[in-house]
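Okay, structure first, notes after.
Laboratory data are not the source of any read-out in this text; all were calculated from the coordinates shown. Given the structure is predicted, the values throughout are model-derived calculations rather than measurements. Here Cβ is always computed from backbone atoms with ideal geometry, including for glycine, and neighbour counts include all displayed protein chains.
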Amino acid sequence: MNPSRSLPRRFFWIALIVPMIILLALPIKPLLTLTMGKQITLLTEPVDPRDLLYGDYVQLHLAIEHVEATRLTPEVLSALKNPNRSDGVPVYVILEPQGSAYGIKQVTMEKPTTNVYLSGVIAPYLFERPDRSSPTYQINYQLDRYYVEEKTGIQLEKWARQGLLTAYLKVKDGYGILVDLKKHP
């Protein structure tokens, strides 16, 4: 066999196999989360959807998206004061049961080894909210949309605007997937 002819063949197989491996690996994290993740419950807050062009979905605002500075570790507070971090700070939010749903225990930059936690990005500016006694920081978890079947989202949106929805998530290693929405009792 001519070694110069086998080299292009190797590149052909590598070029064929590498994209296949990447495509097969993409759904691994969501599938592991759905099958092995811990199911938790989160409360939602009222919000009006702003964009109705994406089909039927419910715009969500989770109660854990706003956090008081007292729940942040000193490292997170220091990173938020850095003027070069205008795009936000990646954080891990440790959750704990608080009544019928989970709430924020602590926000840290260190990946937790135990407990239930979500990863997110905290915005470097404070929000003044009339329903909160102190200013809060906002955390984006990328869990703000829940897609529903055609013509079934109207009632869910009504409950979401009234703050009557409970979100059910599967969480594994900081990654969360919305699995269901229900009206809380």
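Observations on the model:
- Extension gain from Leu126 to Asn84, taking 0.36 nm per residue of separation minus the Cα-Cα distance: 13.5 nm
- Using a simple spin-label model with pseudo-atoms 7 Å out from Cα toward Cβ, Ser100 and Asp180 lie 1.5 nm apart.
- Shape class of the chain from the alpha-carbon gyration tensor: prolate, with a/c at 1.5 or above and a/b greater than b/c.
- Value at 222 nm in deg cm²/dmol, rounded to 500, when DSSP H runs of n ≥ 4 in the chain each add -39,500 (n - 2.57): -8000 deg cm²/dmol
- Highest-first arrangement of 166-177, 136-147, 75-86, where packing means the average Cβ count within 10 Å: 166-177, 136-147, 75-86
- Principal-axis tilt of helix 3-25 within the chain, Cα atoms, nearest 10 degrees: 20
- A Cβ-based charge dipole, computed about the Cα centre of the chain with Lys and Arg at +1 and Asp and Glu at -1, lands at about 720 debye.
- Between Leu77 and Leu23, the modelled label-to-label distance comes to 5.1 nm, taking each label 7 Å out from Cα in the direction of the beta carbon.
- Simple spin-label estimate for Asp173 and Tyr147 in nanometres, 7 Å along Cα-Cβ: 2.4
- Within the same chain, lysines fewer than 8 places from Lys38 are excluded, and of the rest, those with a Cα less than 24 Å from its Cα are Lys29, Lys105, Lys111, Lys170, Lys172, Lys182, Lys183.
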